[in-house]
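Down below is the structure, laid out as structure tokens.
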Amino acid sequence: GGCQSLDVVIPSRNQPQQGVFLEKAVRSIETQTILPALDVRILIAADPGVQSSVIPVSDRCSIRVLEADRPSQASALNAGLSVAEASYVAFLEDDDQWDPPFLEVTLPSLQQLPVQVDRSGWSLPLN
């Protein structure tokens, strides 16, 4: 019940065609069939070499650019997790894309799990 929210962390590294990759990744989030029932925020965790000119804009999702400490995927993921506030957090590689029904199919399965996640790890109910 209620409006669920999702933060999508996209680690992005400086590479040829980076703008094209990021554009396709963001568009694949925008075309999710579950929108607008799900409030989606995109967190692009960019390594220090990423130029701001390659960051796409979106009219369906808010986009926030984070600067990772070092040019590594782990640093980028940690930067995204450190500011994530949504009900759910997902990761999408900058050169990957989701099929339109991906979140609509995946989220109900996650909601069935008796697991709570916090930043320190997993916890299962003890009943």
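Coordinate-derived values only; no laboratory data. Source: prediction; values computed, not measured. Cβ atoms come from the backbone with ideal geometry, glycine included; neighbour counts cover every protein chain shown.
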Checklist line | Assigned charges on the beta-carbon of Lys, Arg, Asp, Glu; the chain dipole about Cα centre (debye) | finding: 120 debye
Notebook entry, point to check: Taking Cα atoms, how many degrees apart are the long axis of helix 102-112 and the longest axis of the chain, rounded to 10 and kept between 0 and 90?
Noted result: 40 degrees
Check: Mind checking the angle between helix 18-30 and the chain's longest principal axis? C-alpha axes, 0 to 90 degrees, to the nearest 10.
Finding: 30 degrees
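If I take R0 = 25 Å and measure r between the Cβ atoms of Glu104 and Glu23 in this structure, what FRET efficiency does the formula 1/(1 + (r/R0)^6) give, to the nearest 0.05?
Numbers: r = 22 Å, r/R0 = 0.90.
For R0 = 25 Å, the calculated efficiency reads 0.65.
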Item checked: Principal-axis tilt of helix 73-83 within the chain, Cα atoms, nearest 10 degrees -> 60 degrees
